[in-house]
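The values are calculated or read from the model by the stated rules, or taken from the named source; none is laboratory data. None of these values were measured; they are calculated from a predicted model. Cβ placement follows ideal geometry from the backbone for every residue including glycine, while neighbour counts extend to all protein chains displayed. Each accessible area value is taken on the protein alone, full model and side chains, heavy atoms only, with ligands, DNA and RNA left out. Shrake-Rupley method; radii C 1.70, N 1.55, O 1.52, S 1.80 Å.
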Amino acid sequence: MARPRAADYDDHRAQILAAAAALFARRGYTAATMNELAAASGVSKATLYHYFADKTELLQHIASGHVARLEALVAEVKAQQLPPADHLRELIARFMQAYANAQHEHRVLTEDVKFLDDAARRTVEDGERRVVAAYAQAVAAVRPELAGDLHKPLAMLLFGMINWTFTWLKPGGPLTHEALGAVVADLFFGGLPAVQALKPAPDRPR
């Protein structure tokens, strides 16, 4: 008969994942060791192995968990059934708020997923594609007259503004993630009306 889990199992697991994300973000996934991960988590190495089989499993759970939380935000905003412009602004605001509390996880997602095996990496990347698709649909709802081949690039340009804030926006500084989220939305919406449909590419000489 399997031994029942302790009541605080999930809390300890979350604590280890948070500590591992911070260590990976600071040291890099390849440089971090299981001894360092155990010390950072405040547990013994044996206890660490009780929760996670190896460093790769930690990376997989950090990345997939972060993407799952972002997908959940997309679903929560969609459930509000806001008008198109308000919907997109709310997505931007909620993502910036999420990044404020997940800077380490986001750095791991952007820099270390390449170290996962093909199946695990595809699972994470599929989740990221669903998030991008949701943003592209939100952009399309605001500018439905634009051809469909522009909606995803516009969404990716928007992510370009918000995805890399972890590299320079420091917690406790004069500019908060919430304030920056409003700036990003204003910049995007200020420029979005100026976007014109793509012109057909000229034929290249053969």
At R0 = 25 Å, FRET efficiency that the Cβ-Cβ distance of LEU175 and THR110 yields, to 0.05: 0.75
In sequence order, calculated HN-Hα J values of the range 147-153 (Karplus, 6.51, -1.76, 1.60; Hz; x Gly/Pro): 4, x, 6, 9, 5, 5, x
Which of LEU154, GLY172, PHE115, positive extreme of dipole for the chain (C-beta unit charges): PHE115
Carbon + sulfur, % of accessible area of the range 1-94 - ligands and nucleic acids excluded, 1.4 Å: 53 percent
Gaussian network model of the chain, springs between alpha carbon atoms under 10 Å - residue of GLY181, GLY172, GLY42 with greatest fluctuation: GLY172
The range 1-124 - charge dipole about Cα centre, Lys and Arg +1 at Cβ, Asp and Glu -1, debye rounded to 20: 140 debye
Share of carbon and sulfur in the accessible heavy-atom surface of the range 136-190 [1.4 Å probe, %]: 66 percent
Rounded FRET efficiency, nearest 0.05, which uses the C-beta distance separating LEU82 from VAL132 and R0 of 25 Å: 0.80
Residues of the range 46-77 with amide N under 15 Å of a point placed 7 Å along Cα→Cβ from GLU125: 64
Distance in nm between pseudo-label sites at ASP54 and HIS12 (7 Å out along the Cβ direction from Cα): 2.3 nm
ALA194 paired with ALA147, simple spin-label distance in nm, labels 7 Å along Cα-to-beta-carbon: 2.2 nm
Phi-based couplings in Hz for the range 59-67 (Karplus 6.51, -1.76, 1.60; Gly and Pro marked x): 4, 4, 6, 5, 5, 5, x, 5, 5
Positive-end residue of ALA21, ALA63, LEU37, charge dipole of the range 1-113 with Cβ unit charges: LEU37
Approximate spin-label separation THR47-ARG26, in nm, with each point projected 7 Å along Cα-to-Cβ: 1.8 nm
Surface accessible to a 1.4 Å probe, per residue, for the residues of the range 116-206, Å²: 64 Å²
Over the chain: helical MRE at 222 nm, DSSP H runs n ≥ 4 each giving -39500 (n - 2.57), nearest 500: -22500 deg cm²/dmol
HN-Hα J in Hz across the range 173-190 - Karplus 6.51, -1.76, 1.60, θ = phi - 60°, x for Gly and Pro: x, x, 9, 8, 4, 5, 5, 5, x, 5, 5, 4, 4, 5, 4, 5, 5, x
Accessible surface ranking that places the most exposed of MET156, MET96, MET34, MET161 first, with a 1.4 angstrom probe: MET156, MET161, MET34, MET96
Magnitude of the charge dipole, the range 60-206, Cβ model with Lys/Arg +1 and Asp/Glu -1, debye to 20: 320 debye
Too-long pairs where the Cα-Cα distance tops 22 Å, listed order kept, from LYS78/LYS152; LYS78/LYS199; LYS152/LYS199: LYS78/LYS199
Net charge contributed by nearby residues that have their C-beta within less than 11 Å of GLY181 (K/R +1, D/E -1): -1
Set of the range 5-42 residues, backbone N closer than 19 Å to the point 7 Å along the Cα-Cβ line of ALA68: 5-22
